[in-house]
Structures are given as structure tokens and as C-alpha cells.
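S.K.: Below is one structure. I have some questions about it.
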Amino acid sequence: MSGFLAVVRRDLRLALRQGSDSMMVVTFFVLTVVLFPFGIGPEPGILERVAAGVLWVTALLASMLSLDRLFQTDYEDGSLDLITRSPQPLSVLVLGKVAAHWLTTGLPLLAAAPLLAVLLNMNADGFGVLVVAFALGTPTLSLIGAVGAALVLGARRGGVLLSLLVLPLYIPVLVFGVSAVDAAIMDLPFKAQLLILGGFLLGAAALCPWATAAALRQAVE
Amino acid sequence: MTDQAFDAAEFAGENLVCIRGERIVFADLSFSLGPGEALLLLGPNGSGKSSLLRMMAGLLRPSAGQLTWGGEPVADDPEAHGGRSRYIGHHDAIKPVLTVHENVAFWSRLWAGDGSRETVEKALDAFSIGHLLEVPGRWLSAGQKRRVNLSRLLAAPAPLWLLDEPTTALDRATVATVEHLLAEHRARGGMVVLSTHTDVSLPGAKVLQMDDFAVDPALSGLDAEMAVAEDEPWTEGVRP
């Protein structure tokens, strides 16, 4: 546990001092969503219909933007060598890095999502579910993304490879995230979709740190 | 930084083989190291000093053979091995935006669960860089970075030190400090494995000449094919 907290604190500190990553993610998210009304026209009916999908797809892409930096700097400056041979289980430290990644990228997305939903004229009934679905979905994105980020370490043009690896795995989160919000807007039951998103999160939290740790050990060899 | 003796066991390697790419770097390498002993790795560039150290650190899996600690295979419990050994490689692993204190305290907390200010200050003072405590990593010179890197050995004590050319970029006075600390560490029952191209005084150290374990390309199956390929005449008129 002390290792987990130490890693979270260090990564948060690094993110706050460097600052660029989390700003970049939120800026990308906001700008892309703002572009949609220009692209597909300002008719409220259409925007309302696509709002949930636009928000989720954009969030997916935004959270991918910062992934390749998750382990890259540690890999380059030798910190990763030292992290992988810590007396604490590597999967716990990985979880710490993912938690810090989510706090600096996922959480700002979560905060920006309802504001952008207003901009897309989304029905107010969907706001609560949108936030809950984002709260369950974005940590899953960070967890899955970490596996991809660890696998492409040391590869040239890792960013392209990373999106090929990770985006297919993001699709279930996208499907159920959008479906939950749409159901809430149409006044249908949405509990099942949220439970499935919760299930994804639990499954990812159990499996992804372990897979990431294995990939990191491979990367430092 | 503690002054008590380590309860170290024997650290040994049996018949280690290292293959990088398609080349056998060394084969059939064995060593053993008891409490208070030191092992000096010598040999030309590419003879596998760094590979052997990474192997000892558990970062690189041996292609054959095994490492043991007190008779137990190291690979069975990598976390325990991480707790009892410290590895200093070519990279200094210093974050440019964190202060020296934050850099060292993080590793001290991660490795030894300590990370207190006194521990970090004491460790930095040992390398006469106590005054750099609040300086961000990006303002350090190469030699200062190396000293910060080495101070982690003291901020998170462990019996086995694996040092890959630790004196690179250090001035002569600091090399003397390192030698003094190595002697102190061994006096407390610690063990040192060190690779170097320069003179580092390690009285009574066992010496491992890495070229003794190099495999003759003619005898190694992998290399033999490559050697044959290189002997073939160049038919296209391309300069070899």
C-alpha cells in the first residue's frame, strides 16, 4: 500500500509540474466536441440524438492521447528498471501509475462531460447517468490503455501500434456507456448497462495491472 | 542509513548463459559471493558486464543456469530479491521536475518504506551534496546526478549492491568517497558487485574476467552460421 501511494504521489507531482498532458487531453476533448455542431449543423434534434455518442467517442480518443507517455519517460530515464525490481509487487505499483493517470486525465474528462453535454443540447435527464457512466468507464479505459502502453514500450512509432491494440478493447465500454446514457434520455431502465460498466471496471482492475506488469518486465529485458 | 550489520546469505550464480539477439555473450559463468565480499567485473566493451549485472538484478532472465541466494533460486521470489539488492545502472533515473529530495525520498519509500527527511539528508551528505536538497533535477550536472543516483544506496540500505560503472562522471574526490563507502558496506557484511573501466580500489575483491567466458564463434552454433556467411565472397561487387 505504501508503494501504491508513493507512486500516485510522485506521478501526480510530475503531472502537476509538467502540466501539459492533462491540459492537452481536456483541450482536445472540449475542442473536438465543440467542432461537432459546426460539422453536422446546429439543429437541436440531431445534436441531441448524437450527443452521448460524440461525448464517448471523443473521450475515448482523448484518453488515448496521453497513454503513450504513461511509461515512456520512466522507460527512457531508467526509472522503470528500478520500479520493476522494487520489493513491492509490480502490479500494485502499476495500479498506482494507472490511478495517477486517471486522476490527471480521466477526472478532468468527467468534470468537462456534463458541460459539453449542455452544449450539445442533451436532455437533462441524461446528465446524472452520463457522469456515473464516465466515472465507471474512464478508469477502465486507463487500465486497458496501460496494458497497451506497456506492450509498445521501446517500439518505434508506438503511438500507432498502441491505438491498434487498445481501440478494439475500448469498444465494449463505448457501447454500454452510450447505451446507458441513451436509455436514461429515453426514460428507459439503464441500470443493467451501468452494472455491466461496473463489471468491466472490476474485471479490468483485476487483470490489467497483472498483464501490464508482465509486459513491463518484458520491456526492461 | 543504518549501521547495523546485514544478515546476508551467499549469493551465487551457476553456469549462467546470456544470449542477446543471436549472439552468445557469455556462457558457463559461475560465481559465488559471501557476506563482506566483493566481485569486480572486468572486460572490454560488449563482453557482458552490464548484462551480467542486469541478470543479477533480476532484470534479465538467464538463458540457462540460475542465480541463488542462500541456496534458494532468486527467480522464485523476485520481490524479496528486490528488497535485498540495489542496482545502479547507466541511467540516473532522476526526474528533471522533481527536487533532489523528492527524487531520493521516493525511492527510499518504495524500496525501504522509509523516505524520511533525515534519511535523505544523511544519504546526500555522504556524497557532499546536502546543499542540493531542494534543487530540481534538471539543474544538476552529470556528476551531481550520478551522486544523487548513488545516494539512493544509502537512503534505502540493502546487503547486495550491483553497480554498473558507478564512477562514471565522478571527480576524483568522490571516487574516493565511493571507495570508502564500499569498504564500509563490506565491513557491515554487505556484498558488492562492480563493473568498471577505471581504477576503483576494492581490496581483496574477487575478479571476474568476462572474456574468459566468451564463446569462441567457431564453437557456438548460432555464431558459426554468421561467421560462415561473412566468409563468403561478395559477388555483387559491394564493399563488405
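Each reported figure results from applying straightforward, stated rules to the coordinates on display, with no laboratory input. Note that the structure is a prediction, hence the values are computed from the model and not measured. Neighbour counts run over all protein chains shown; Cβ positions are idealised from the backbone, glycine included.
S.K.: Looking only at other chains, what is the average number of their beta-carbon atoms within 10 angstrom of each beta-carbon in A:17-26?
M.R.: That works out to 1 on average.
S.K.: Can you run phi through the Karplus equation (6.51, -1.76, 1.60; θ = phi - 60°) for segment A:161-175 and list ³J(HN,Hα) in whole Hz, with x for Gly and Pro?
M.R.: In residue order, the calculated couplings are 4, 4, 5, 5, 6, 8, 4, x, 6, 7, 4, x, 4, 4, 4 Hz.
S.K.: Could you check the simple spin-label distance between A:Asp125 and B:His180, using points 7 Å along Cα→Cβ, in nm with one decimal?
M.R.: The two pseudo-label positions are separated by 7.8 nm.
S.K.: How high is the relative contact order of segment A:2-220, in percent, counting Cα pairs under 8 Å that sit 6 or more residues apart?
M.R.: With pairs under 8 Å counted, the relative contact order is 28 percent.
S.K.: Averaged across the residues of B:88-96, what count of C-beta atoms belonging to other chains lies within 10 Å of each residue's C-beta?
M.R.: That works out to 5 on average.
S.K.: Using amide H atoms built in the peptide plane, which far-off residues or other-chain residues are under 5 Å from B:Arg20 H to H?
M.R.: Under 5 Å from the amide H of B:Arg20 lie the amide H atoms of B:Val25, each far enough along the sequence or on another chain.
S.K.: Can you give the FRET efficiency to the nearest 0.05 for A:Val50 and B:His131, using r as the Cβ-Cβ distance and R₀ = 56 Å?
M.R.: Efficiency, rounded to the nearest 0.05: 0.40.
S.K.: Determine the shielding of peptide B:112-124 by partner chains: average, over its residues, the number of Cβ atoms on other chains within 10 angstrom of each Cβ.
M.R.: If you average over the peptide's residues, the count of other-chain Cβ atoms is 1.
S.K.: Test of understanding: given chain B, find the longest segment containing no GluC sites (Glu not before Pro) that are in a DSSP loop and have at most 14 other Cβ atoms within 10 Å.
M.R.: B:23-133
S.K.: Once you keep just the Cα pairs under 8 angstrom separated by 6 or more residues, what percentage relative contact order results for chain B?
M.R.: 29
S.K.: Return the distance in nm (one decimal) between the two label points of a simple spin-label model at A:Val92 and A:Thr27, each offset 7 Å from Cα along Cα→Cβ.
M.R.: The answer from the label model is 3.8 nm.
S.K.: Shifting gears a bit: For a Förster distance of 22 Å, can you work out the FRET efficiency between the beta-carbons of B:Arg20 and B:Lys206, rounded to the nearest 0.05?
M.R.: 0.35
S.K.: Does segment A:66-181 classify as rounded, prolate or oblate by the C-alpha gyration tensor (a ≥ b ≥ c root eigenvalues; a/c under 1.5 gives rounded; else a/b over b/c gives prolate, otherwise oblate)?
M.R.: Verdict is prolate for segment A:66-181.
S.K.: Beyond 21 Å, how much of the Cα-Cα pair distribution for segment A:2-220 remains, as a whole percent?
M.R.: Counting pairs separated by more than 21 Å, the tail of P(r) holds 54 percent.
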